[in-house]
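Novice: After the structure tokens below, expect a handful of questions from me.
The values are calculated or read from the model by the stated rules, or taken from the named source; none is laboratory data. Just so we're clear, the structure is a prediction, and the values are computed from it rather than from any experiment. Here Cβ is always computed from backbone atoms with ideal geometry, including for glycine, and neighbour counts include all displayed protein chains. Surface areas here come from the heavy atoms of the whole protein model, side chains and all, with no ligands, DNA or RNA. Shrake-Rupley method; radii C 1.70, N 1.55, O 1.52, S 1.80 Å.
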Amino acid sequence: MAMQGYRIAVDIGGTFTDGVVELLPEGQVLLAKRLTTPDDPSRAVAEVVSDLLEQLAQNFSALLPAEDCREVVHGTTLVTNAIIERKGVKVALFVTSGTADVIDIGRETRYDLYDLDIEMPVPLVPRELRFEIDERLNARGQVLRPLAMNGLDDGLAQAETQGVGAIAICFLHAYVNGSHEEALATAIRSRMPGVAISLSSRVASEVREYERMSTTVANAYVQPIAANYIALLKERLEAHQISAPLRVMVSSGGFTSDQAAAEVPIVLLESGPAGGVRSAVNTASQLGIDDILTFDMGGTTAKACVSTAGAPSITYAFEAARVKRFKRGSGLPILSPSIDLIEIGAGGGSIAYRNELGLLNVGPASAGAEPGPACYGQGGLQPTVTDADLMLGYLDPDAFLGGKMRLDRASAEAALTTLADDLGISVQKTAWGIHDVVNENMAGAARVHIAEKGLDPRRLAMVATGGAGPVHAIEVAQKLGIRRVLFTIAAGVGSCLGFLAAPVRVDRSWSSVQLLDMVDLEDVRIVFERLEDDIKTELGTADAAATASEWSIGIEMRYAGQGATILVTLPYSGIDKTILAELEARFLGRYEDLYGTTVPGAAIQVVTWRLAAQSKAETRVFSLATAASSDESLEAARRQIYLPAGDGYENVPVYERYQIPEGAELAGPLILQEAESTIVVARPAQVTVLEGGAVSVALN
Amino acid sequence: MSQFDPVSLEILWNRLISIVDEAAAAFVRTSFSSLVREANDYAVVLTDAAGGSLAQSSMSIPSFISTLPKTVRHFLERFPASELSPGDVLITNDPWMGTGHIHDVSTAMPIFYGGALVAFSAVTSHMPDIGGPVRTNDNSVIYEEGLQIPRLKFVSAGEPDPVVEAFIRTNVRVPDQTMGDLWGQVAAHKMLESRLVALLDETKISLTDLSREICQRSEAALRAAIADLADGEYHYVVRHDGFEEPLTIDCTVTIAGDNLSVDYTGTSAEVDNKAINVVEAYTFAYTAFPLKALLSPDIPNNEGSFAPISVYAPPKTVLNAQYPAATAARGQVGHMLPTAILGALGPALPDRRVAEGSGNSSITIVGHEEDHPFAVATFVNAGLGATARRDGRSALSFPSNLGNTPIEILEAEAPLLVHHRRLRHGSGGAGQRRGGEGIDFDFEYLGQAPASSAFLMTRRIEPPKGNSGGGAGAPARLLLNGEVVDPIRIKRLVRGDRIIIETAGGGGFGRDNDA
């Protein structure tokens, strides 16, 4: 039986908070958007939810009580923005004696061989807030020196004096035995009740102290922020009498519970983008396209992710806040599975400036939501990408956010004039320069990423999402040689549609390093019964449990002695004795497939067992509940926009996107406006509105 | 006119690099030793059918980038194309044909397309063990250093040679790790082959044409940068600690139009009782690397990047050692060549001036614990020199690119207890820009049975000098149980022995009061 009622998705971005409500079972959606409220992010969420519920009442007069809300799915880029912009809380780090410099020393390698002026990432905790604790475990987790609390009070006193907002603890070998970390946390809690504490053994229980410490510190750096807003979010939802389960999207594109997200928010690092990629994959699959480049540009950052055969690629060694664009190794290592995407500090809020060589640079610093771009009229004085887009005619000052927010052209012009004078070029040239430089930055990043996947960008279609994505997509595609660009419906809230489209999935794992020959299946069976129960508990509601019908086991295996593992997957229906032979055969087959050879005579080892339950992946077709009927006549306004081919302004037609009927074909250059974003086609192109409302642009 | 449009060339070039990076990723994932996984002590290179370099793995060791293509050419001398079949894997660790010491084993696999030899996949990596004593500079001739592997077929048309394998297994302390790493190299070759064949299938391009095009572009970019320098002779001398007496590296760089030549005449003679001699190919490698970094860092490296550069070191000097000289610790001398080159060219590029820094030191420990052999190594990097623009970086590998082995990995693999791994605060040279800090690494041996340990250290006597009035960095030190000791001899470690290794700070730049 199809589900009745409705679902709500909310995404808190650096600049905007987006919301979508989906009416079940048909999939009509209503949208809302507000400026993010950094002082209390849940305030914007509450406004968005109110807006959605009002729209729901207006559009569907039938009564929809709060208990008909089946679930709230949620994601946020607050976590990643806090790290990139270094706006997390002050963290005190407690480490094993002798390891306070580990996060300065890192791995001692250069991420760029040839850069003699190499810049290295600066740790999130300064030296004076790192405290060494007398304790020691060995590599087997046995206690060599018991945990000593002397020195703790001094450390905590300093931490309090300095206004520390969170504590990170990372002891050597805590990935084997977390008891010292737990005991220290207990001691700290008794002295500083209520303080947020991140333990490396819980946040990232993996070997290698630098990477684990970096991940733990990053988690602590954002944890109070995340915990606070998740709590406030729940309050706000309760204020609307919504008590449906809250699921939060994690970086890998799956979900976790609100409680788990509040404790380990580092897994949310890429939750917004993961939603965007899920939405793009869903839209493309609707059209039968399998290989895409998702291009997501918001207020603060832009991301690109390649998906082939309908599946986004996943990475296990992720990095946050790279100091050198696109350079692997130049960021802070984060041990958490994530959709493999590249990210760059390029968004609508990115600030343009003159660099020390006298050249125009854009980003990565962002004006964020407050004060925001100069044209927001909230006190921002520095010119941003949005200011340039406004000056180029790409944005309509009276139709931004569907007219809910007026952009001030005079403020944008004033900000651009200052920069133009500084550079010694015209305001007009400066505006196009900002647009073009930020596009080239994004295209360059995408180019390397696509090449790393061994793909030719000309074979990919682009799917543009995010508030600023549709404004910039065509020019970025042009630079990459991509000829077809798709715009999902409600591109400005793409992550929300992705949250709604993503399959329900819950994962649990158990690490136990053993030779395959020595595995005790009875142990495995007992553990799996527990994992299965855990998953069922997390799935919670009967609806979710019923839909999560596909169970699978993933086993990370390697040859004994290797560091890296490969994942062997099997359908799950209990553990029986044929599984070991099956695992051996699958491991050898997979190894041979991957590496073209096996290792003669080497023993096989099992490292981690994973159990997952997932709903069947299926294409979700969303349609805008507010879309106009198709017999309405197409009347276009016109406005002057900058066309790069002619290096000048021309009068082009401006359409309200959702008034164009399905199947309509139009010719670029043109502008398609919608409340969430603006599709800018500043070149000759064929523009088609597809079934369901997505727009396809084929560049001539 | 080029047959490649700018879009295609960009894509193809990036794809060649990404193919090699993918093969490198396969190697790292399939390797058994922490030297590859953690320390990054390897490289993967794709060459054309004649052994000319086309692309390299991004995280390569700089020296391997230019020695590996030469290794392929040495393989071709021994096994001409007519004697190669699909599925062959060639092997050697000859220092003069490989990377300059026997501890790196190099393999290469010919890649065929349409029945013709079109390319080679080449991999080299530092083995966890190669027999002989622990890697030390206390050898006089190569015969003392361990197993020598001449140019052989490790795999013939897909069939591993059991004789070659048996010889290697028998001569090394940790045969499973050593052989595992060699099979990892084979995995990298297979990955590179399948990706390259897919590229050729898909694009129908001629690899020869592509090779010519990208090498010309890399060469032209480097030549243009050389031509921008004022013609003339630039000179610099670096002092190395040496043993009985210090060694001198005497470097003269001559710029003439778009050609650059380096002459090491005046450099000290080969050392006949210590293993710090450098083979010619390694001297070339660490001469070409800083020039590329200084002059065209953003252009991908390939054979064209070497063409404008000629290097001469007189035979029988420490920079052009002859068989059977011992070479195990050749990096201690070779790592100073970038210092000499950057020092020499300072007057030509005043805003790129840089004070001297220190190369890495290393620790190797081998022994038995509970009947299991262990062999671990970690690199201990040092402070880099301050530049005209900023302070020197602390604890960073240069000119090599060798990572540390995490404490947790070291302690899992060998009976060691690390007391601290810290920055050596205050070790950087004073100046308007301060030199980078070295490392202070303190550990204890916990094994029940004694172990052998070797410490390769640099900049103990001759610390990194400052530039333009900046002060020198602190010299390196080794302490055994609280006593400063000379690292040259292999140390027998017994339970409770405590070792502290302090690496040098980088030199400062400019006078302190100029700030």
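Novice: Show A:C375, B:C215 ordered by accessible area, largest first, where the area counts protein heavy atoms only and the probe is 1.4 Å.
Specialist: On the way: A:C375 0, B:C215 20 Å².
Order by accessible area, largest first: B:C215, A:C375.
Novice: Additional query: Would you mind working out the accessible area per residue for chain B, using a 1.4 Å probe, and quoting it in Å²?
Specialist: It amounts to 33 Å² per residue over chain B.
Novice: Keeping all protein chains in place and using 1.4 angstrom, which order do B:R492, A:R447, B:R389, A:R136 fall into by accessible surface area, from largest down? Please report the intermediate quantities before stating the final value.
Specialist: Values: B:R492 165, A:R447 55, B:R389 115, A:R136 15 Å².
Per-residue accessible area, sorted high to low, gives B:R492, B:R389, A:R447, A:R136.
Novice: For segment B:51-153, rounded, prolate or oblate, judged on the Cα gyration tensor with a ≥ b ≥ c (square roots of eigenvalues), a/c < 1.5 rounded, else prolate if a/b > b/c? List each step's numbers first, then the result.
Specialist: Numbers: a/c = 2.57, a/b = 1.75, b/c = 1.47.
Cα axes put segment B:51-153 in the prolate bin.
Novice: Right, something else. Please state the shape class of segment B:189-304: rounded when a/c is under 1.5, otherwise prolate if a/b exceeds b/c and oblate if not, all from the C-alpha gyration tensor. All intermediate terms of the calculation are to be shown ahead of the outcome.
Specialist: Values: a/c = 3.85, a/b = 1.64, b/c = 2.35.
Oblate, since a/c reaches 1.5 and b/c is not below a/b.
Novice: Here's a follow-up. Starting from the Cα of A:K536, draw a straight line to each of the lysines and keep only those under 25 Å, dropping any in the same chain fewer than 8 residues away.
Specialist: A:K234, A:K577, A:K616
Novice: For chain B, what's the radius of gyration and Dmax over Cα atoms, in angstrom?
Specialist: Expressed in Å, the Cα Rg and Dmax of chain B come to 22.5, 70.
Novice: Sticking with this one: Using the basic label-point model (7 angstrom from Cα toward the beta carbon), what is the B:R73 to B:R495 distance in nanometres?
Specialist: About 5.5 nm, to one decimal.
Novice: What three numbers, in Å, describe the spread of the alpha carbons of chain A along their principal axes, ordered from the longest?
Specialist: Principal axes ranked by extent give 76, 59, 56 Å for the Cα atoms.
Novice: Further question on the same structure: How high is the FRET efficiency between B:H425 and A:L359 when r is their beta carbon distance and R₀ equals 41 Å, given to the nearest 0.05? Could the numbers behind the result be given before it?
Specialist: Numbers: r = 37 Å, r/R0 = 0.91.
After rounding to 0.05, the efficiency reads 0.65.
Novice: Quick check: from the Cα gyration tensor, does segment B:362-463 come out rounded (a/c under 1.5), prolate or oblate? Don't jump to the answer; show the numbers that get you there.
Specialist: Numbers: a/c = 2.78, a/b = 2.69, b/c = 1.03.
Note, shape of segment B:362-463 comes out prolate.
Novice: Just to confirm my numbers, what's the Cα centroid distance between segment B:372-394 and segment B:97-158 in Å?
Specialist: For segment B:372-394 versus segment B:97-158, the Cα centre distance is 26 Å.
Novice: At 1.4 Å probe size, what's the solvent-accessible area of B:H372? Round to the nearest 10 Å².
Specialist: Roll a 1.4 Å probe over it and B:H372 shows about 130 Å².
Novice: Quote the relative contact order of chain A in percent (integer), defining contacts as alpha-carbon pairs under 8 Å separated by 6+ residues. Write down the numbers at each step before the final one.
Specialist: Details: 1593 pairs, mean separation 85.4, N = 700.
That works out to 12 percent.
Novice: Right, another one. Return the distance in nm (one decimal) between the two label points of a simple spin-label model at A:W432 and A:M518, each offset 7 Å from Cα along Cα→Cβ.
Specialist: The answer from the label model is 7.0 nm.
Novice: For B:H419, what residues show an amide H to amide H distance below 5 Å, using hydrogens built from the backbone and excluding near sequence neighbours?
Specialist: Under 5 Å from the amide H of B:H419 lie the amide H atoms of B:D442, B:F443, B:E444, each far enough along the sequence or on another chain.
Novice: Sticking with this structure for a sec: What net charge is computed for the residues neighbouring B:N139, neighbours being all others with C-beta under 15 Å from the C-beta of B:N139, Lys and Arg scored +1, Asp and Glu -1?
Specialist: Numbers: positive: B:R135, B:K274, B:R330, B:R489; negative: B:D138, B:E144, B:E145, B:E270, B:D272.
It works out to a net charge of -1.
Novice: Separate question: Mind giving me the FRET efficiency for B:R352 and B:D512? R0 is 25 Å, r the Cβ-Cβ distance, nearest 0.05 is fine.
Specialist: Details: r = 22 Å, r/R0 = 0.86.
Here the calculated transfer efficiency is 0.70.
Novice: A further question follows. Using only alpha carbon pairs under 8 Å that are at least six residues apart, calculate the relative contact order of chain B and give it in whole percent.
Specialist: Numbers: 1422 pairs, mean separation 71.7, N = 515.
Dividing the mean separation by the residue count of chain B yields 14 percent.
Novice: Here's a follow-up. For chain A, what is the mean residue ellipticity at 222 nm derived from helices alone (per DSSP H run of n ≥ 4: -39500 (n - 2.57); sum divided by total residues; nearest 500 deg cm²/dmol)? All intermediate terms of the calculation are to be shown ahead of the outcome.
Specialist: Numbers: 17 runs with 220 residues, N = 700.
Here the helix-only value at 222 nm equals -10000 deg cm²/dmol.
Novice: Which of A:K33/A:K87; B:K153/B:K274; A:K303/A:K324 have a Cα-Cα distance over 22 Å?
Specialist: The answer is A:K33/A:K87; B:K153/B:K274.
Novice: Still on this structure, please answer the following. Which whole-Hz ³J(HN,Hα) couplings does segment B:284-301 yield from phi under the Karplus relation 6.51 cos²θ - 1.76 cosθ + 1.60, θ = phi - 60°, glycine and proline marked x?
Specialist: Per-residue couplings from phi come out as 4, 4, 7, 8, 5, 4, x, 5, 4, 5, 6, 9, 8, x, 8, 8, x, 7 Hz.
Novice: Let me ask something else about it. Enumerate the aspartates and glutamates that B:K316 could reach by cross-link, defined here as Cα to Cα under 12 Å, with residues fewer than 8 away along the same chain left out.
Specialist: B:E270, B:D272, B:E280
Novice: Over chain B, what percent of the accessible surface lies on carbon and sulfur atoms, probe 1.4 Å? Mind dumping the intermediate values first?
Specialist: Working: 8540 of 16750 Å².
So the carbon and sulfur contribution to the accessible surface is 51 percent.
Novice: Within a Cβ distance under 15 Å of B:T265, other residues only, what is the Lys/Arg minus Asp/Glu net charge?
Specialist: On the way: positive: B:K316; negative: B:E233, B:D250, B:D263, B:E270, B:E280.
Net charge in that neighbourhood comes out at -4.
Novice: Round to a whole angstrom and tell me the spacing of the C-alpha centers of segment A:73-128 and segment A:554-568.
Specialist: Here the two parts' Cα centres lie 29 Å apart.
Novice: Quote the charge dipole size of the protein assembly as shown about the Cα centre in Debye, to the nearest 20; the model charges only the Cβ of Lys and Arg (+1) and of Asp and Glu (-1). Mind dumping the intermediate values first?
Specialist: Numbers: 100 positive and 149 negative charges, 255 e Å.
With only Lys, Arg, Asp and Glu charged at Cβ, the dipole is about 1220 debye.
Novice: Turning to a different aspect of this structure: In whole angstrom, how far apart do the alpha carbon centroids of segment B:206-280 and segment B:53-81 sit?
Specialist: If you average the Cα positions of each part, the centres end up 18 Å apart.
Novice: Roughly how many Å² of A:M391 are accessible to a 1.4 Å probe, to the nearest 10?
Specialist: Rounded to the nearest 10, that gives 10 Å².
Novice: Hey, what do the phi angles of segment A:106-120 turn into as Karplus ³J(HN,Hα) couplings, whole Hz, using 6.51/-1.76/1.60 and θ = phi - 60°, x for Gly and Pro?
Specialist: Calculated HN-Hα couplings, in order: x, 9, 6, 9, 8, 6, 10, 4, 9, 8, 6, 10, 4, 9, 10 Hz.
Novice: Additional query: Once every DSSP H run of n ≥ 4 in chain B is given -39500 (n - 2.57) and the sum is divided by its residues, what mean residue ellipticity at 222 nm do you get, rounded to the nearest 500 deg cm²/dmol?
Specialist: Values: 10 runs with 142 residues, N = 515.
After summing the helix terms and dividing by residue count, I get -9000 deg cm²/dmol.
Novice: Moving on. Need one number: % antiparallel among DSSP beta bridges in the protein assembly as shown, to the nearest 5.
Specialist: On the way: 175 of 216 bridges.
Antiparallel: roughly 80 percent of the beta bridges in the protein assembly as shown.
Novice: On average over all directions, what projected area in square nanometres does the protein assembly as shown have, based on the convex hull of its Cα atoms? Don't jump to the answer; show the numbers that get you there.
Specialist: Working: hull surface 183.7 nm².
Averaging across all directions leaves 45.9 nm² for the Cα convex hull.
Novice: A further question on this structure: I'd like the FRET efficiency for A:D593 and B:T170, computed as 1/(1 + (r/R0)^6) with the beta carbon distance as r and R0 of 30 Å, rounded to 0.05. Kindly include the intermediate steps, with their values, before the conclusion.
Specialist: Details: r = 32 Å, r/R0 = 1.08.
Calculated value: 0.40.
Novice: Could you tell me which trypsin sites (Lys or Arg not before Pro) in segment B:152-223 are loop residues by DSSP with no more than 13 other beta carbons within 10 angstrom of their beta carbon?
Specialist: Answer by residue number: B:K204.
Novice: Still on this structure, please answer the following. How high is the relative contact order of segment B:345-477, given as a whole-number percent (alpha carbon pairs under 8 Å, six or more residues apart)?
Specialist: Numbers: 335 pairs, mean separation 38.2, N = 133.
RCO, segment B:345-477: 29 percent.
Novice: What list of ³J(HN,Hα) values in whole Hz, one per residue of segment B:325-339 in order, does the Karplus curve 6.51 cos²θ - 1.76 cosθ + 1.60 (θ = phi - 60°) give from phi, with Gly and Pro shown as x?
Specialist: 4, 7, 9, 3, 9, 4, x, 4, 8, x, 5, 8, 5, x, 4
Novice: Using a 1.4 angstrom probe on the protein heavy atoms only, could you order B:D442, A:D520 from most to least accessible area? Before the final figure, lay out the partial values.
Specialist: Working: B:D442 5, A:D520 70 Å².
The most accessible residue leads, giving A:D520, B:D442.
Novice: Each label point is 7 Å from the Cα along the Cα-to-Cβ direction; what then is the distance between the points at B:S194 and B:E144, in nm?
Specialist: The answer from the label model is 4.7 nm.
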